[in-house]
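Presented below is the structure to which this report refers.
What follows draws every value from the coordinates through simple rules; no lab data is involved. None of these values were measured; they are calculated from a predicted model. Glycine also receives a Cβ, built like all others from the backbone with ideal geometry; neighbour counts cover every protein chain displayed.
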Amino acid sequence: MEKKVILTGDRPTGKLHIGHYIGSLKNRVMLQNSGKYRPFIMIADTQALTDNARNPEKIRNSLIQVALDYLAVGIDPEISTIFVQSQIPALFELTAYYMDLVTVSRLERNPTVKTEIGQKGFNDSIPVGFLNYPVSQAADITAFKASLVPAGDDQEPMIEQAREIVRTFNRVYNCDVLVEPKGYFPEDGSGRLPGLDGNAKMSKSLNNAIYLSDDAETVQKKVMSMYTDPDHIHVEDPGKIEGNTVFTYLDIFDPDKDKVAQLKEDYQKGGLGDVKIKRYLNKVLEAELAPIRERRAKFAEDEAAVYEMLIEGSKKANEVANETLQQVRSAIGLNYFD
Ligand code: ATP
Ligand code: MG
């Protein structure tokens, strides 16, 4: 049986954090290791440029960091093709064809894009490329004929947009060249890990993240600074669980659900201090992060090998994307010279 294709990726706007890990990386590794899929994993540098065009160093420097994060969590380049978006010219051309099938107002309605426009303070100066990034994401997904996209919850509107483009393309050009993708989202609320500050989303851009590469001391400091219940002033006071980031993290990261239930009960009754629950959370996180950190340090010893892996991956990705591009050109009727 032919293996189903997976396409997912991350923007090289910084190192990856535990939100990425829980929202997407962990699922990718699990799907990869199931042996049932052919995963393509993209470092989305051109997408990162859509809101960082004047800061290209950030992207250039983050490329290797993201690649190291991938290897550290267990993405295996022998199974998963890791590649760099800007090195795949077919993606630009596909984007151009899809842009003609999508209206500006449809892009303006995308809820994730709307939120990000607010966050980034674009107001009335939204870069065309930024508004268009859902279309370019559709090109990324369809170039590989991916049917599955493991991602965090904020990606749902992007995948919906990609599905629309696939349906429109296949209908307008009367073909079945493009494949409709499905999202693969984490269940239990981990598709959107809140930030240390209690903000709805841990994000590289919001400075509220624990990075996979943070050392143990930094993680501890960050955990100790986390947002809890602002009204829980004295240890003996009853505390609130709702919106308390420490408990949100425990729900997501602690495999010992009974223990978490007990802690919640004690916290709500009063008598359990923030320092105690934070120390416990730190221990839970360390259990998951320590091995990742160690593997990352090993891979970081040979950066040249990591770049070599990206070159190889990009070569493979080009072959697949070019084949789709030829089919797309033919479907539109641009194959004049065949
Ligand atoms: P940026 O601020 O540059 O957009 P980001 O932190 O949002 O960075 P992306 O590279 O845009 O990260 O996202 C990569 C993947 O990680 C996507 O699948 C996204 O859904 C997922 N992801 C990002 N942040 C979180 C989060 N806080 N919780 C769960 N998943 C997340
Ligand atoms: Mg993002």
Notebook entry, point to check: Would it be correct to say that residue 86 is among the small types (Gly, Ala, Ser) and touching a Pro at 6+ places or on another chain (Cβ under 9 Å)?
Noted result: no
Checklist line | Pair list, Cβ < 8 Å and 6+ apart or interchain, from the stretch 199-225 residues that are over 20 Å from residue 247 (Cα atoms) to residues that are more than 11 Å from ligand 1 (Cβ to nearest atom) and among the polar types (S, T, N, Q) | finding: 213/65
Note to self: Among the residues that make up the stretch 94-105, is at least one of them out of contact with any Cys (no Cβ under 8 Å at 6 or more places or on another chain), aromatic (Phe, Trp, Tyr) and crowded, with 19+ Cβ neighbours inside 10 Å?
What the structure shows: yes
Notebook entry, point to check: Of these, 266, 251, 237, 197, which one is away from ligand 2 (no atom under 16 Å from the Cβ), within 23 Å of residue 14 (Cα to Cα) and among the acidic types (Asp, Glu)?
Noted result: 197
Check: Hey, does the stretch 232-254 have a residue that's in a loop (DSSP other than H, G, I, E, B), touching a residue at least 24 places away in the same chain (Cβ under 8 Å) and either polar (S, T, N, Q) or closer than 20 Å to residue 286 by Cβ (or both)?
Finding: yes
Notebook entry, point to check: Somewhere in the stretch 44-66, is a residue away from ligand 2 (no atom under 14 Å from the Cβ), under 30 Å from residue 248 (Cα atoms), among the hydrophobic types (A, V, I, L, M, F, W, C) and in contact with a helix residue (DSSP H, G or I) (Cβ under 6 Å, 6 or more places away or on another chain)?
Noted result: no
Next item on the list: Six or more apart or on different chains, Cβ under 6 Å: which pairs go from a residue in the stretch 108-120 that's free of Cβ contacts under 8 Å to residues at least 24 places away in the same chain and under 14 Å from residue 156 (Cα atoms) to one that's near ligand 2 (Cβ under 10 Å from one of its atoms) and not basic (Lys, Arg)? Could you list them?
Entry: none
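Considering only helices (runs of 4 or more DSSP H) fully contained in the stretch 107-213, which possess at least 1 residues that are surrounded by fewer than 18 Cβ atoms within 10 Å (Cβ to Cβ)?
Values: elements: 111-119, 128-131, 133-143, 156-172.
In the stretch 107-213, the matching helices (runs of 4 or more DSSP H) lie at 111-119, 128-131, 156-172.
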Notebook entry, point to check: Does residue 59 fit the bill of being surrounded by 15 or more Cβ atoms within 10 Å (Cβ to Cβ) and within 30 Å of residue 294 (Cα to Cα)?
Noted result: yes
